[in-house]
Amino acid sequence: MSDPVTVVSDRLRPVFAEVSGRADADPVVRPSDRADAQANGALALAKQVGTNPRELAERIVTRLDETGVLADVCSGVEIAGPGFLNLTFHDHFLARELSSVASDPRLGVVPVASPRTAVVDYSAPNVAKEMHVGHLRSTVIGDALVRMLEFAGHRVIRENHIGDWGRPFGMLIEHLLDIGEDAAAEGLSQGDLDGFYKAANAKFAADEGFQERARERVVLLQAGDAVTHELWDRLVAMSTAYFNTVYRQLGVLLTDHDIVGESVYQPLMAGTIERLEASGLLTESDGAKVVFPPGFTNREGDPLPLIIQARTGGFNYATSDLTCVIDRVERLGADLLLYVVGAPQQQHLQMVFEVATMAGWLQPPAEAVHVSFGNVLGADRKMLRSRSGEAVKLVELLDEAVERAAAAVDEKNPDLPDAQRSEVARMIGIGAVKYADLSNDRIKDYVFDWDRMLSFDGNTAPYLQYAHARIRSIFRRAGADPIAAAAAPIMLDEPHERTLAKRLLAYPSVLDDTLSSYSPHKLCTYLFEVAQDFTAFYEHCPVLRADHETVRVSRLALCAVTAGTIAHGLGLLGIDAPEQM
Ligand code: ARG
């Protein structure tokens, strides 16, 4: 309970309730430029109980004076406008709250009272296909959400729902046999997955004999033929090895343990169909088994079916996702299912969720959320492509990020020792790519712009990393340890100190807000504000050359909490904060 806005809100609530006679009264407290915070609740309340808002506000203020509930936290409560309360925090209240945060490794963030079991479905590339920038977005956003959920105290299960099943595997396996394993491994491990796929496809189109073999191979695969399964396994292993290269380069948490591909659900799907049948939801349409969830229509306004089993008997993507819902809820005991998947799959997922709800598999408190995201665009505002017009290879993209960051580091700090330089370049380059993605509202498309994301100015990873490293250098110069420094008594006499302190104290609320909307950009915006407030503070308030020792140690404590908050916030986004850069 460190955020002063929350503290004040909690104290005002019963007084608002008592005076208005409404048990559910909300004081509606927000940070404000007029004072430190403003409570606007009297307006809506007055309407509800049919009185004048200003009068209600006056009665509340009288009651606050009588009870003294705000006495130790607010130095001023003033009525403004039609009945707002402008609240000014006591300096010593802010200082006390900040001191308690300063010595808390969790920076004032209290673990959730009722932890949930969350499955986060993210990354999910397809075997023998290039991982595209959409998978990059899913990987980066999903990984940040995993870190935040874990930190908040939830039980988190990562699932990488790779596309490792389906008809194309017949032709892919035959192609693997044709070119030999070494050649296949060479292409696939270099990330030339599209090349492999295209070659198989071209043969399939041109060669009837190959077509026949591919079809037979699918049948063998589905029948569980041992040799075929072994070949399939190798194909999957070559692709996942490539995915792992990207994951390691990115520094995300995903490992082979998190892979739960579409193939896993194949043997369970007959059971799903039986259960749908038993629930009476399944109908026939054009020879296929389908469910019509209400509220979904096609362009002509006709009801839209979710196809469960095709006329040919094959199962669908939807069937695997429905089976997957059952598995997550019933086997894993999950009550929060997050799908970090691009916007084009919105309708598919909404229909799956609806059918799972109708079938009774997805019932409160369990809920499924599509954490949707927009596209990555090139400078031409079209889908990002490589120079040759192909899909961008992620490995190359990330290598380029690190190279560009290395050049920037050389320019910024030519004296950095070699060993450190490459490490710092990696942190900055990868951090820049991740942050560019996370700092944009995920729903929107964003333009991939090297110069902007690597800039040391503006809302970028390098700016935040630099702000952090600069504070660490203050401690190096002072020969002081930030952890010890954080324990010093804090005084907030200067306006810039106060502004920074209030910002730092908002961290728990910001994390709450970020997580409840699954919107990492909110945390990014906040960290940017912290860094800006720090810059203003540092310009106006000398730290190492402060006039008095008490001021010096207090300001060092402020520096310590600031650096700690930036590093911690970046950490939750999956971004490293170098000590020096
Ligand atoms: N493999 C899919 C793709 O590349 C994404 C899978 C998302 N997860 C899911 N449960 N459907 O588009």
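Expressed as a whole percent, the proportion of Cα-Cα pairs in region 45-101 lying more than 17 Å apart is 46%.
For ALA128, the shell of other residues with beta-carbons less than 10 Å away shows a net charge of -2, using +1 for Lys and Arg and -1 for Asp and Glu. Annotation: extensible slack from THR255 through ASP380 equals 41.5 nm (criterion: 0.36 nm per residue apart, minus Cα-Cα distance). Taking a sphere under 9 Å around the Cβ of ALA25 and counting the other residues whose Cβ falls inside, with K and R at +1 and D and E at -1, yields a net charge of -1.
Short to long, the 5 Å bins of the Cα pair-distance histogram for region 17-123 hold 2, 11, 16, 17, 15, 11, 11, 8, 5, 3, 1, 0 percent of all pairs. R0 = 22 Å: FRET efficiency of ASP512 with ALA71, Cβ-based, nearest 0.05? Step by step, r from the Cβ atoms, then E = 0.20. Taking all C-alpha pairs of region 329-428, those more than 15 Å from each other amount to 74 percent.
Against the main long axis of the alpha-carbon atoms of the chain, helix 418-438 sits at an angle near 90°. For VAL447, project a label point 7 Å along Cα to C-beta. Then give me every residue of region 342-379 with its amide nitrogen under 17 Å of that point. Backbone N within reach: 375-379.
The protection proxy used here, the mean number of other Cβ atoms lying within 10 Å of each residue, ranks peptides 48-57, 385-394, 134-143, 463-472 as follows, highest first: 134-143, 463-472, 48-57, 385-394. So if the hydrodynamic radius of region 271-407 is defined as the Kirkwood radius over C-alpha pairs, what does Stokes-Einstein give as its diffusion coefficient at 4 °C and 1.567 mPa s, in µm² per second? The estimated diffusion coefficient comes to 73 µm²/s. Against the main long axis of the alpha-carbon atoms of the chain, helix 4-20 sits at an angle near 80°.
In the chain, the longest principal axis of the Cα atoms and the axis of helix 269-278 are about 80 degrees apart. Cross-link check: pairs LYS444/LYS522; LYS198/LYS393; LYS198/LYS382 evaluated at a Cα-Cα cut-off of 18 Å; pairs beyond the cut-off: LYS198/LYS382. An oblate overall shape is assigned to the chain, the ratio a/c of its alpha-carbon gyration tensor axes (a ≥ b ≥ c) being 1.5 or greater and a/b not exceeding b/c.
Read-outs throughout are calculated quantities, based only on the coordinates presented, and are distinct from any laboratory measurement. What you are looking at is a predicted structure, and each value in this text was computed from that prediction instead of being measured. Here Cβ is always computed from backbone atoms with ideal geometry, including for glycine, and neighbour counts include all displayed protein chains.
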